There are 2 protein chains.
Amino acid sequence: MVTIKDIAKAAGVSPSTVSRVISNHSRISKATTEKVKRIMEEMGYHPNVMAKSLVSKTTKTLAIVLPRPAEELFQDFFFGELLRGILAHSTKAGYDMLLAAATSPADEQDTISRLVLGRRVDGVVLLSSRQNDPLIKLLAKHEFPTVLIGRTEGHDTIISVDTDNVQASFDATTHMLNQGHTKIGFVIGPPNLTVSVDRLAGYRKAMEEAGLTINPEWIVDGEFLQHSGYRAMSFVMNIPDPPTALIVIDDVTAFGVLRGLNELGFQVPHDISLVSFNNIALAELASPAISSVDISTYQLGYTASHLLVRRIQENLASQARNIIPHRLVVRESSIKEIHKRG
Amino acid sequence: MVTIKDIAKAAGVSPSTVSRVISNHSRISKATTEKVKRIMEEMGYHPNVMAKSLVSKTTKTLAIVLPRPAEELFQDFFFGELLRGILAHSTKAGYDMLLAAATSPADEQDTISRLVLGRRVDGVVLLSSRQNDPLIKLLAKHEFPTVLIGRTEGHDTIISVDTDNVQASFDATTHMLNQGHTKIGFVIGPPNLTVSVDRLAGYRKAMEEAGLTINPEWIVDGEFLQHSGYRAMSFVMNIPDPPTALIVIDDVTAFGVLRGLNELGFQVPHDISLVSFNNIALAELASPAISSVDISTYQLGYTASHLLVRRIQENLASQARNIIPHRLVVRESSIKEIHKRG
DNA sequence: CTGAAAGCGCTTACAG
DNA sequence: CTGAAAGCGCTTACAG
């Protein structure tokens, strides 16, 4: 391992000077700079990140805290895209990303304590947005640079990046209303996630504003869909007054819905229309292609990293809640007239 | 920030003693141990990871190097699962994971150099398995602990974890042969990926051993499928002697195939059977559910981390190539008799 | 069982 | 423009 001292010796200067050359310090002669740089190149010098970190008290590293397994399974399908957005910015800004997972809640606390209080990272991106997250409490207590992707309650000061899920769901429902539907159902997700709460609220709001009453039986629990879309759909489609359209909590669940309906012999969108959320890559490859609210996943990630780095570097208290615009992508699953190509 | 010195002062001992208590050194009296631990607790001490790292010359961190964007898009859909496997083990073994991405090849080299030669990580998990990967060359040259998920050529000594893709594809093809198919086609992936090469080879091998000739027109390019499954399928289904079964490079592409066939009015599996690879979570939610070779994605990740940590800690040269067993999961897309439930 | 000292590889006032 | 010295927070022979 070649160190700054080795370079100093070889170049006939002091370690301080080498250090200054590395950090492009202003008052170093051009001659020395060139000489030192050449020797660093020759000897294959690479600065020791840990040593630098120790004295600078900054790690140039951010942590991403993953939600616990199975908790937000659907996230898997846009996680890659989210990560790509986060990394695109953090790499540009010169930060590395540390991935932190936790199996149990206690574990999670320990991991975070170690990373945050052990000064292993400069900031944290939280992906989980459970209600009353103890992690958020911990990070807020230590005033540690944090940005949340999602929304939480009771912590108004934490910087967050999110979709306006109430509005997104309102828009999706309005789309169905515009298609002439009045009997619109909703396939819900895990009730402890704010995204579930918000999307359900947007749906209710749109129905209410349209003067329509929601039949409680139109609300289907999507958590049981993965393995029994058939049964869940069978129930809702066999009530006396079945919905003619469904708003589905996310694309993955929509696949389950589609499959359940298929098995039951219902045609989408002929017998029933569908619209869902997130617009994962596979949504357009479904048969029929699924209408979905695109939440700009990449942008969510990119912005999260951007806000976090700004918070770290400038200690700038940017506004707490940052909304990334969404956009409904209408495909076959929600329009009656299908024009087949060919 | 409370340091080891602060604790030492408060406990009336030397920093050395505090350090020994932290690392559970043997010859420390029970009394001192308890006292120091109590004070650490009271003062909220957390060891500075960077300082420890600097002296121990070990970072307790691994890096995952992501393939370049768009290069292995399909990976997105099992990336979460892979990551979960890697993290499950690395967390247990006490290692953090650093995520490294790169936009350009040059960038990639720089990032790796910085991480590896700057001693920021103790080992590297490579996800990309391109032919002739320059990264592999670099890591091999420095004899840096590395494990590759996938297969490469020309580096026989690098530790790798992989599916036997030739065999997996052989099995998938055999399954089709057993179903009575003789005109079996293949939808290929990016030709620079070894996984593409291997799966195509397994298919050819099975066909050859069955004494069947492959019509070159049965080989469809899956790279154009995402947005024009229709056109690709239209071509292959309109040749004079169309296939009655298709082996598809991965599940995501299979969705595109399914959609293309759907638009053309072909029924799966009635008109044509399908089988693909990876068994992503959505495969069973397709309509019809897609038969797919399960490659134990989680296990691939878990094993990769396991082998890497062993290599780091014991400097054990485990065998180069480690195969994780696969298993064909037969679903509706490849069996003629469909028994609908209900 | 415990402490003083040296050192990991770097940075940064301070002095010239 | 450059160097000597102190220090970041920890560990670890060495000595007792």
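Observations on the structure shown:
- Copies compared at B:K9 - label distances in nm, ascending, label defined 7 Å from Cα in the Cβ direction: 3.7
- Note: relative contact order over region A:4-47, using C-alpha pairs below 8 Å and six or more positions apart, is 44 percent.
- Å² of accessible area per residue within region A:189-342, as computed with a 1.4 Å probe and no ligands counted: 43 Å²
- Using C-alpha pairs under 8 Å with a sequence gap of at least 6, the mean separation divided by the residue count of region B:253-318 gives a relative contact order of 22 percent.
- 5 angstrom amide H check on A:S273, placed H, neighbours 5+ away: A:A245, A:L246
- Percent of beta bridges antiparallel (DSSP, the protein assembly as shown, rounded to nearest 5): 15 percent
- Excluding same-chain neighbours fewer than eight residues apart, the lysines reachable from A:K35 by a Cα-Cα span under 20 Å are A:K5, A:K9.
- Computed from Cα atoms alone, the Kirkwood hydrodynamic radius reported for region A:4-47 is 10.0 Å.
- Most mobile listed residue (A:P240, A:P15, A:P190) in chain A, GNM with C-alpha springs under 10 Å: A:P15
- Within the straight-line cut-off of under 14 Å between alpha carbons, the aspartates and glutamates reachable from B:K141 are B:D133, B:D156, sequence neighbours fewer than 8 places apart in one chain being disregarded.
- Distance between the C-alpha centres of region A:95-128 and region B:245-316: 32 Å, rounded to the whole angstrom.
- Averaging 1/r across all pairs of distinct Cα atoms in region A:100-178 and inverting the result yields a Kirkwood radius of 14.1 Å.
- In order through region A:187-195: 3J(HN,Hα) via Karplus (6.51 cos²θ - 1.76 cosθ + 1.60), integer Hz, x for Gly, Pro: 9, 8, x, x, x, 8, 8, 4, 4
- Chain A, helix-only ellipticity at 222 nm - DSSP H runs n ≥ 4, -39,500 (n - 2.57), divided by all residues, nearest 500: -14000 deg cm²/dmol
- For B:T59, net neighbour charge (Lys/Arg +1, Asp/Glu -1) across residues whose Cβ lies under 9 Å away: +2
- Taking each of B:K183/B:K336; A:K37/B:K60; B:K60/B:K92; B:K30/B:K57 in turn, the alpha-carbon distance tops 19 angstrom for A:K37/B:K60; B:K30/B:K57.
- Heavy atoms of the protein chains alone define the surface here; on that basis region B:1-122 has 49 Å² accessible area per residue at 1.4 Å probe size.
- Shape analysis of the protein assembly as shown based on the Cα gyration tensor places the equivalent ellipsoid semi-axes at 48, 33, 22 Å, largest first.
- Counting protein heavy atoms only, chain B has 52 percent of its accessible area on carbon and sulfur, 1.4 angstrom probe.
- Shielding of peptide B:112-120 by partners, expressed as the average count of other chain Cβ atoms within 10 Å per residue Cβ, is 5.
- Other protein chain C-beta atoms within 10 Å of residue C-beta, averaged over A:50-59: 5.
- Largest first, the extents of the alpha carbon coordinates of chain A on the three principal axes equal 89, 52, 33 Å.
- With a 1.4 angstrom probe, the accessible area lost at the A-B interface totals about 5600 Å².
- Pseudo-label separations to other copies for A:G44 - Cα-to-Cβ vector, 7 Å, nm: 4.5
- Rounded to the nearest Hz, the phi-derived 3J(HN,Hα) couplings of region A:27-39 under the Karplus curve 6.51 cos²θ - 1.76 cosθ + 1.60 (θ = phi - 60°) are 8, 10, 5, 4, 4, 4, 3, 5, 4, 4, 5, 5, 5, where x marks glycine and proline.
- For B:K183, inter-copy label distances in nm, listed shortest first [label point 7 Å out on the Cα-Cβ vector]: 4.5
- Relative contact order computed over chain A (Cα-Cα under 8 Å; 6+ residues apart), in percent: 18 percent
The values are calculated or read from the model by the stated rules, or taken from the named source; none is laboratory data. Since this is a predicted model, take the numbers as computed values, not measurements. With ideal geometry, Cβ positions are generated from the backbone for all residues, glycine too; neighbour counts draw on all protein chains shown. The protein model used for the area step is the full one, side chains on, heavy atoms only, and it has no ligands, DNA or RNA in it. Shrake-Rupley method; radii C 1.70, N 1.55, O 1.52, S 1.80 Å.
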